[in-house]
1. Output the number of residues of the range 271-302 satisfying the condition of being surrounded by 11 or more Cβ atoms within 10 Å (Cβ to Cβ) and over 19 Å from Thr221 (Cα atoms).
2. Please go through the range 184-225 and give me each residue that is surrounded by 15 or more Cβ atoms within 10 Å (Cβ to Cβ) and among the β-branched types (Val, Ile, Thr), ordered by number.
3. Considering only residues that are surrounded by 14 or more Cβ atoms within 10 Å (Cβ to Cβ), of a type outside the set (S, T, N, Q) and in contact with a helix residue (DSSP H, G or I) (Cβ under 9 Å, 6 or more places away or on another chain), which ones fall in the range 254-267?
4. Scan the range 262-270 and tell me whether some residue there is among the aliphatic types (A, V, I, L, M), touching a residue at least 24 places away in the same chain (Cβ under 8 Å), touching a strand residue (DSSP E or B) at 6+ places or on another chain (Cβ under 6 Å) and within 19 Å of Lys210 (Cβ to Cβ).
5. Checking Tyr215 against (1) touching a Ser or Thr at 6+ places or on another chain (Cβ under 7 Å); (2) under 30 Å from Asn321 (Cα atoms); (3) not basic (Lys, Arg): exactly one of these is not met. Which one?
6. Select from the range 106-132 the residues that are part of a helix (DSSP H, G or I), among the small types (Gly, Ala, Ser) and either surrounded by 23 or more Cβ atoms within 10 Å (Cβ to Cβ) or under 17 Å from the mean Cα position of the chain (by Cα) (or both) and list them in ascending order.
Amino acid sequence: MKKTVLITGGAGFIGLNLVDYILKKKNYKIIVLDNLSSGNSGLLKKIVEDNGLIFNKKFSPDKNFLFVKADIRDKNLDNIFEKTDFVVHLAAQTGVIPSIENPFKDAEINIIGTLNLLTLSVKHNIKKFIFSSSAAPLGEQIPPLNEGKVPSPLSPYGASKLAGEGYCKAFYGSFGLETVIFRFSNVYGIYSYHKGSVVAEFYKRIIKGKPIYVYGDGNQTRDFIFAKDLAKVIVETLEKNNIGGEIFQLGTGVETSVNQLISYIKDIMNYSLEIEYKPERKGEIRRNYASIEKAKKILGFEPEYDLKMGLKLTYNWFLENMDKV
């Protein structure tokens, strides 16, 4: 009998990639919980139907997919959790700038929402709870980032994600809930049309014939990881034993500047781009790339997509889908 994975934020960018990956593997039943504040139910429905399933919105034990429009802060989610074996918690307020503009909203979603899901997971004996974090809890550090560095967030977003990590560890220590924390590097890939991340923003503006904006001098660095690589390691971790309470940095281990990223995009498109440099934004990290040695050793994690390959696949998706999403 297939086990069931509950994916919060499953209509968002990473969630869509994860749903697609699982449905192609056909290993699990899926419940997607999303309030659609930023998720795309149209894309989710297309992915489900392209994989030969029905986009169900009502519970039925013989169905392999179910969509539930709800908020992670809702208290009445017991009917979902009692049908769930694993939770992958992707739903979040993800922006540094929005968190600075409204720290209370950021905390309400990222801290209270996560605490609500953890409490429900204990109540319903969830087998594993995977929490999506980022480099933001660590703040400005000398790279490469690793799991042993002392967190020092620069933004309310980083602080709320750090609190989520803390609660995950506490629920493992206090209740035995098998929590696993993944600190994602900068994720890019297909299905990212509604994201405000750098690759998605660049492609949207380029395709519309607009200049791309670089905040700062472009020498700031990131570790860009293709979303399909994350989907793969998430699924492979669901039933892996003896990793409760652990934190893993997930990236490629490659440091890439924004200017180098632009150079790769120019090579893909084979023409010059109009670039406008703007003042650096507060709260953003200058240098950031990850050591993935722990994930390699314990999880067998090895990214399959290098940046040039991933950028080309992402650009082709944007060209084919800009008028459909």
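1. Number of matching residues: 10.
2. Within the range 184-225, Val187, Ile190, Val198, Val199, Ile206, Ile212, Val214, Thr221, Ile225 qualify.
3. Hits for the range 254-267 are Val254, Val258, Leu261, Ile262, Tyr264, Ile265.
4. No, the range 262-270 has no match at all.
5. (1)
6. Gly113, Ser121
Let's see how each residue does on (1) outside any helix (DSSP H, G or I); (2) in contact with a strand residue (DSSP E or B) (Cβ under 8 Å, 6 or more places away or on another chain); (3) on the phi > 0 side of the Ramachandran plot; (4) not hydrophobic (A, V, I, L, M, F, W, C):
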| position | (1), (2), (3), (4) |
| --- | --- |
| Val233 | no, yes, no, no |
| Ile243 | yes, yes, no, no |
| Gln249 | yes, yes, no, yes |
| Lys296 | no, no, no, yes |
| Gly310 | no, yes, no, yes |
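Every number in this text was worked out from the coordinates using simple rules, so none of it is lab data. No experiment lies behind these values; they were computed from the predicted model shown. Quick reminder, even Gly has a Cβ in these numbers, built from the backbone with ideal geometry, and neighbours come from all protein chains shown.
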